[in-house]
1. What number of residues in the range 114-171 are in contact with a Lys or Arg (Cβ under 6 Å, 6 or more places away or on another chain), surrounded by 24 or more Cβ atoms within 10 Å (Cβ to Cβ) and either of a type in the set (Gly, Ala, Ser) or under 17 Å from residue 28 (Cβ atoms) (or both)?
2. Which members of the range 25-84 meet the condition of being among the charged types (D, E, K, R) and either over 16 Å from residue 154 (Cα atoms) or not in a helix (DSSP H, G or I) (or both)?
3. In the range 50-74, which residues are more than 17 Å from the chain's Cα centre (by Cα) and farther than 14 Å from residue 196 by Cβ?
4. Could you tell me which numbered condition residue 48 fails, if it satisfies all but one of (1) closer than 14 Å to residue 182 by Cβ; (2) surrounded by fewer than 17 Cβ atoms within 10 Å (Cβ to Cβ)?
5. For the range 62-82, what are the residues that are without any contact (Cβ under 8 Å) to a residue 40 or more places away in the chain and either surrounded by fewer than 14 Cβ atoms within 10 Å (Cβ to Cβ) or within 30 Å of residue 172 (Cα to Cα) (or both)?
6. Of the residues 37, 3, 18, only one is within 26 Å of residue 130 (Cα to Cα) and at pLDDT below 80; which?
7. Return the residue satisfying two criteria in turn: it lies in the range 130-166 and is part of a helix (DSSP H, G or I) and of a type in the set (Lys, Arg), and of such residues it is farthest from residue 91 (Cα to Cα).
8. I need the full set of residues from the range 113-129 which are farther than 23 Å from residue 92 by Cα and either among the acidic types (Asp, Glu) or within 15 Å of the chain's Cα centre (by Cα) (or both), in order please.
Amino acid sequence: MSEKCCGQTKTFDGMSAEYKKRLIWVTIINLVMFVVEMGGGQLSGSQALKADALDFLQDGVTYAISFWVIGRPQSVRATAAFFKGLTLLGMGLWVAGSTAYQFFYVGVPHAETMGLIGFLALTANVVSVLLLMAYKDGDANVRSVWLCSRNDAIGNVGVMIAALGVWGTASGWPDLIVAIIMAGLFLSSAWQVLNQSIRELKTGEATNSHSH
């Protein structure tokens, strides 16, 4: 989302009462679903569910930070976005590493539990995506919020596919494959957020130097 100001396009920075209200709702949804999905991942033995649960936790923290930095200087918002990009990078590497470890010991997850928890998570994320869709374009801080919500929805579709694959093949491989794909999604989003936040930090520095 962008705004026209004095003939120039202003990047949306989150300064909207409606956006803040929606951000609070998706923060609550994500933190609740982290607890539900991590429990489901432990019960079912699903690596994909655990990866998606971590995504919920990371998103909940991301949204809370995003809410806190709204209205603060661009350098603060860009620094927060950079930190969130680093956490996405760390999560992607952790999921990739732990999933690679699982390749040496492939258990068969409980497909029914995967499917049920995956469906609940997908519903929660579709609601979050619908709440935030109008704000998908903005500064690095706003952009990171949208990317996290989108990743969750894609990840949950992946979990549902993994559950079907596990059920149909009686093998743990579909679960591990989906977890690896999700790791790639985390790493791709981290790259986007880090790139945009670095650009905004440089722009802020250049603006400050010109103002002196």
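1. 1
2. Quick first cut of the range 25-84, residues among the charged types (D, E, K, R) only: 37, 50, 52, 55, 59, 72, 77, 84.
Result: 72, 77, 84.
3. Applying the first criterion (more than 17 Å from the chain's Cα centre (by Cα)) to the range 50-74 yields 68-74.
Scanning the range 50-74 gives 68, 69, 70, 71, 72, 73.
4. Checking residue 48 against (1) closer than 14 Å to residue 182 by Cβ; (2) surrounded by fewer than 17 Cβ atoms within 10 Å (Cβ to Cβ), the one that fails is (2).
5. 68
6. 3
7. Looking only at the range 130-166, we keep the residues that are part of a helix (DSSP H, G or I), and these are 130-135, 140-166.
Checking which are of a type in the set (Lys, Arg) leaves us with 143, 150.
Numbers: 143: 18, 150: 16 Å.
Selected residue: 143.
8. Passing the criteria: only 127.
The values are calculated or read from the model by the stated rules, or taken from the named source; none is laboratory data. The model shown is predicted, which means the values in this text are computed figures rather than measured ones. Because the Cβ atoms are built from the backbone with ideal geometry, glycine has one as well, and the counts that use them run over all protein chains shown.
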